[in-house]
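A.B. asks: Structure provided below as structure tokens; questions to follow.
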């Protein structure tokens, strides 16, 4: 197949990328002119070890009955992985690089599928309409209608959709959100030159070439304007920064010291870790880097310009302390989390060997009876544990054929039932039955719930009490 876009969206049980799961996946494949080629929609059954977030349930409105229908996660992820890895596929969503892509990366990893190949192999790559929309809002604002809430522009997809007639279904339904994203892209693409420039921001080689054209401060440090959604509308989604170079350990990260986030004059050799931070950029991904010209920096307020000027002056007068700041951030390593659950260990484990990937591929190709026999072929304890969980979640009747393996999986489920604390790579705690019930009580007290939302929470509460035999007095 020639190069194509795969617009996609997911609805999930929650925000924890390691321990939550996808419930709905929808995608529309188009050619490069955004003409539709095909559609895909997958409903995914709830895993036995996943506790849905009550807040997420209120957002997407998926009932427990719907969660217990559809295909099992393993079969769904194999199909999604196949779609993502068709040669020439450019996967694209709305804030997909901020959430969906990494969520699916962990879902692929959990199911023994290569988590990164859709980013680079077979001429595949990724884009994101959200940072592109930010750029249009700032520098080409006449292409669409910009919604406001309390006199502030909002770039949420559901609000953009309502003000520009982008969707016909309900927000937070996967296919409706895909249609809205595609229709938004079609509006943006009418400004062809802008569209092509922004597409280049997701090409690593093009992005790096543009870096070389940025100006320097004192002929030493590159200056640039970082454009990123999470910088917020109050800052017009931008921050001026100087480049510190590439990280010593994470070679794909370049580091950028913001010039408008703190006063460098308050930094000393003893407080660098707490008084400063850097923005991390991987080339071909947001944030988008622009030169610090008047055309692009016109949104900077007088207060921010004054702080920037003061910090630039400090940089010129304190080269030694700046060198210490650079050394600290270039050498900083993410702390390892002890006893990290295997489902959360993707970044800590790193890439598996080619030989191990072959074993994973053999596992996928085998029928269910053979899969059980292949478990002992995994030399990696982590892969063996993951394979057991794949069978336990998706095909428990087959895992029962081998008592010791089934008991191992049931012991894992018991840890969840008892509310054992499990952390992800960000030190976030896996949702427990007890915490979920407490969250339901809090939502009832703090939210003005309609009948539908009240029923959704009642259904979830009853299910948790029944499934986990949880006593509310223990909360």
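A.B. asks: Mind checking which residues of segment 158-175 are without any contact (Cβ under 8 Å) to a residue 24 or more places away in the chain and surrounded by 15 or more Cβ atoms within 10 Å (Cβ to Cβ)?
C.D. replies: Within segment 158-175, 158, 159, 161, 162, 164, 166, 167, 171 qualify.
A.B. asks: For residue 10, indicate whether it is buried (at least 24 other Cβ atoms within 10 Å of the Cβ) and at pLDDT 95 or above.
C.D. replies: yes
A.B. asks: Would you be able to tell me the number of residues in segment 310-330 that are over 16 Å from residue 255 (Cβ atoms), out of contact with any helix residue (DSSP H, G or I) (no Cβ under 6 Å at 6 or more places or on another chain) and in a helix (DSSP H, G or I)?
C.D. replies: 8
A.B. asks: Look through 459, 407 and report the one residue that is surrounded by fewer than 18 Cβ atoms within 10 Å (Cβ to Cβ), in a helix (DSSP H, G or I) and in contact with a helix residue (DSSP H, G or I) (Cβ under 6 Å, 6 or more places away or on another chain).
C.D. replies: 459
A.B. asks: Among the residues of segment 18-31, which ones are in contact with a helix residue (DSSP H, G or I) (Cβ under 6 Å, 6 or more places away or on another chain) and more than 25 Å from residue 390 (Cβ to Cβ)?
C.D. replies: Correct list: 28 only.
A.B. asks: Which of (1) touching a strand residue (DSSP E or B) at 6+ places or on another chain (Cβ under 6 Å); (2) surrounded by 14 or more Cβ atoms within 10 Å (Cβ to Cβ) is the odd one out, the single condition residue 421 does not satisfy?
C.D. replies: Among (1) touching a strand residue (DSSP E or B) at 6+ places or on another chain (Cβ under 6 Å); (2) surrounded by 14 or more Cβ atoms within 10 Å (Cβ to Cβ), the lone unmet condition for residue 421 is (2).
A.B. asks: Taking into account only those residues within segment 285-302 that are outside any strand (DSSP E or B) and modelled with pLDDT of 95 or more, which is nearest to residue 264 (Cα to Cα)?
C.D. replies: 287
A.B. asks: Still on this structure: Restricting the search to segment 49-93, which residues are in contact with a helix residue (DSSP H, G or I) (Cβ under 6 Å, 6 or more places away or on another chain), part of a loop (DSSP other than H, G, I, E, B) and within 20 Å of residue 433 (Cα to Cα)?
C.D. replies: 49, 51
A.B. asks: From the residues in segment 253-262 that are assigned to a loop (DSSP other than H, G, I, E, B) and in contact with a helix residue (DSSP H, G or I) (Cβ under 7 Å, 6 or more places away or on another chain), which one is farthest from residue 325 (Cα to Cα)?
C.D. replies: Among residues in segment 253-262 that are assigned to a loop (DSSP other than H, G, I, E, B) and in contact with a helix residue (DSSP H, G or I) (Cβ under 7 Å, 6 or more places away or on another chain), the one farthest from residue 325 (Cα to Cα) is 260.
Listed here are the residues, each with its yes/no results for (1) in a loop (DSSP other than H, G, I, E, B); (2) surrounded by fewer than 22 Cβ atoms within 10 Å (Cβ to Cβ).
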{"site": "99", "(1), (2)": "no, yes"}
{"site": "104", "(1), (2)": "no, no"}
{"site": "107", "(1), (2)": "no, no"}
{"site": "145", "(1), (2)": "yes, yes"}
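A.B. asks: Please verify whether segment 349-366 includes one or more residues that are in a helix (DSSP H, G or I), at pLDDT 95 or above and out of contact with any helix residue (DSSP H, G or I) (no Cβ under 9 Å at 6 or more places or on another chain).
C.D. replies: Within segment 349-366, one or more residues are in a helix (DSSP H, G or I), at pLDDT 95 or above and out of contact with any helix residue (DSSP H, G or I) (no Cβ under 9 Å at 6 or more places or on another chain).
A.B. asks: Restricting attention to segment 266-283, does a residue exist that is assigned by TED's automatic domain parsing to the domain that holds residue 300, buried (at least 19 other Cβ atoms within 10 Å of the Cβ) and under 19 Å from residue 316 (Cβ atoms)?
C.D. replies: Within segment 266-283 (the criterion being assigned by TED's automatic domain parsing to the domain that holds residue 300, buried (at least 19 other Cβ atoms within 10 Å of the Cβ) and under 19 Å from residue 316 (Cβ atoms)), the answer is yes, since at least one residue qualifies.
Quick grid of which residues meet (1) in a helix (DSSP H, G or I); (2) crowded, with 21+ Cβ neighbours inside 10 Å; (3) modelled with pLDDT under 95:
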{"site": "180", "(1), (2), (3)": "yes, yes, no"}
{"site": "184", "(1), (2), (3)": "yes, yes, no"}
{"site": "187", "(1), (2), (3)": "yes, no, no"}
{"site": "199", "(1), (2), (3)": "yes, no, no"}
{"site": "202", "(1), (2), (3)": "no, yes, no"}
{"site": "209", "(1), (2), (3)": "yes, no, yes"}
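A.B. asks: Sort out which residues of segment 331-348 are in contact with a helix residue (DSSP H, G or I) (Cβ under 9 Å, 6 or more places away or on another chain) and outside any loop (DSSP other than H, G, I, E, B), and write them in order of number.
C.D. replies: 342, 343, 344, 346
A.B. asks: OK, next. Could you please find all residues in segment 371-390 being under 18 Å from residue 352 (Cα atoms) and without any contact (Cβ under 8 Å) to a residue 24 or more places away in the chain?
C.D. replies: 374, 376, 377, 378, 379, 381, 384, 388
A.B. asks: Which one is farthest from residue 86 (Cα to Cα), of the residues in segment 37-48 that are in contact (Cβ under 8 Å) with a residue 40 or more places away in the chain and assigned to a strand (DSSP E or B)?
C.D. replies: If we take residues in segment 37-48 being in contact (Cβ under 8 Å) with a residue 40 or more places away in the chain and assigned to a strand (DSSP E or B), then 41 is farthest from residue 86 (Cα to Cα).
A.B. asks: Where the second residue is part of a loop (DSSP other than H, G, I, E, B) and the first is on the phi > 0 side of the Ramachandran plot and lies in segment 279-292, which pairs have Cβ atoms under 8 Å and are six or more apart or on separate chains?
C.D. replies: Filtered contacts from segment 279-292: 284/201; 284/202; 284/203.
A.B. asks: Which one of 27, 114, 76 is touching a residue at least 60 places away in the same chain (Cβ under 8 Å) and in contact with a strand residue (DSSP E or B) (Cβ under 6 Å, 6 or more places away or on another chain)?
C.D. replies: Among 27, 114, 76, only 27 is touching a residue at least 60 places away in the same chain (Cβ under 8 Å) and in contact with a strand residue (DSSP E or B) (Cβ under 6 Å, 6 or more places away or on another chain).
A.B. asks: Could you say which residue among 6, 15, 34 is in contact with a helix residue (DSSP H, G or I) (Cβ under 8 Å, 6 or more places away or on another chain), under 19 Å from residue 189 (Cβ atoms) and either outside any strand (DSSP E or B) or free of Cβ contacts under 8 Å to residues at least 24 places away in the same chain (or both)?
C.D. replies: So the residue among 6, 15, 34 that is in contact with a helix residue (DSSP H, G or I) (Cβ under 8 Å, 6 or more places away or on another chain), under 19 Å from residue 189 (Cβ atoms) and either outside any strand (DSSP E or B) or free of Cβ contacts under 8 Å to residues at least 24 places away in the same chain (or both) is 34.
The values are calculated or read from the model by the stated rules, or taken from the named source; none is laboratory data. Everything quoted here is computed from the prediction, not taken from an experiment. Please note: Cβ atoms are built from the backbone with ideal geometry, for glycine as well, and neighbour counts cover all protein chains shown.
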